[in-house]
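Input: a single structure, listed below in structure tokens.
The values are calculated or read from the model by the stated rules, or taken from the named source; none is laboratory data. Keep in mind that what you see is a predicted model, and the values were worked out from it rather than measured. Positions of Cβ are generated from backbone atoms using ideal geometry, with glycine treated the same way; all protein chains shown enter the neighbour counts.
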Amino acid sequence: MQKGLLFFILLLVACGTKQGVPEEEVVHDSSLVGIADSSNAGVTDSITAVTDTLYVDTAKLIGKWIQPVAGLDKEMQGFQLRKNGTARSINMYTLVYDKWQLTHDSLLLWSHSEGTKDSSFVIDTTIIKELSDTSLVLFPVKAAEGYTEKYIRRN
């Protein structure tokens, strides 16, 4: 029986097991060290970033908001937000606003096209960057960083 046990121990040693090898002699392979994924480092979302969220008083949004038409500074366009959640386009004949909703600091505007082949419904999502009694600054989520749309209140 002792010969069998001795043979088994020799077999284990010959096969390269590390039983009995002191910790400092064990070779560590650094290629197996985990590397943290930094692909999303520093990315924040306006809905989850508490410091970037603006408190919006819904009552301040009710009314008509206009801006100059690009290239035609004397012409104005925009939208009207009503208390009952409906919306209306101002001087935009093919883009028709239907309704609106406020979620945190995001203004959602439902619209559809008229007079064109494409009559699909669209939901525009914008982040409210500034809101006062006389002005509204929006950042469309599909726009380039830094782009904003500025509106003034119209009576």
key: In region 67-100, the residues that are of a type in the set (A, V, I, L, M, F, W, C) and in a strand (DSSP E or B)   = Val69, Leu72, Met76, Phe79, Leu81, Ala87, Ile90, Leu95, Val96, Trp100
request  = Kindly provide the set of residues from region 99-123 that are touching a strand residue (DSSP E or B) at 6+ places or on another chain (Cβ under 6 Å), modelled with pLDDT under 95 and among the charged types (D, E, K, R), ordered by number.
outcome  = Asp105, Glu114
inquiry  = Just to be sure before I move on: is Val137 more than 24 Å from the chain's Cα centre (by Cα) and of a type outside the set (Lys, Arg) in the structure I sent?
reply    = no
request  = Answer yes or no: is there a residue in region 111-119 that is surrounded by fewer than 18 Cβ atoms within 10 Å (Cβ to Cβ), among the polar types (S, T, N, Q) and within 25 Å of the chain's Cα centre (by Cα).
outcome  = no
remark   = Taking region 59-88 and the residues there that are at pLDDT 95 or above and more than 18 Å from Lys150 (Cβ to Cβ), the one that is surrounded by the most Cβ atoms within 10 Å (Cβ to Cβ) would be Ala87
Residue satisfying condition, being aliphatic (A, V, I, L, M), buried (at least 16 other Cβ atoms within 10 Å of the Cβ) and either in contact with a helix residue (DSSP H, G or I) (Cβ under 6 Å, 6 or more places away or on another chain) or at pLDDT below 90 (or both), within set Val56, Val96 = Val56
remark   = Of the residues in region 110-125, those that are of a type outside the set (D, E, K, R) and under 17 Å from Gln80 (Cβ atoms) come to Trp110, Ser111, His112
remark   = Checked against (1) under 18 Å from Leu61 (Cβ atoms); (2) more than 27 Å from the chain's Cα centre (by Cα), Ile127 satisfies every condition except (2)
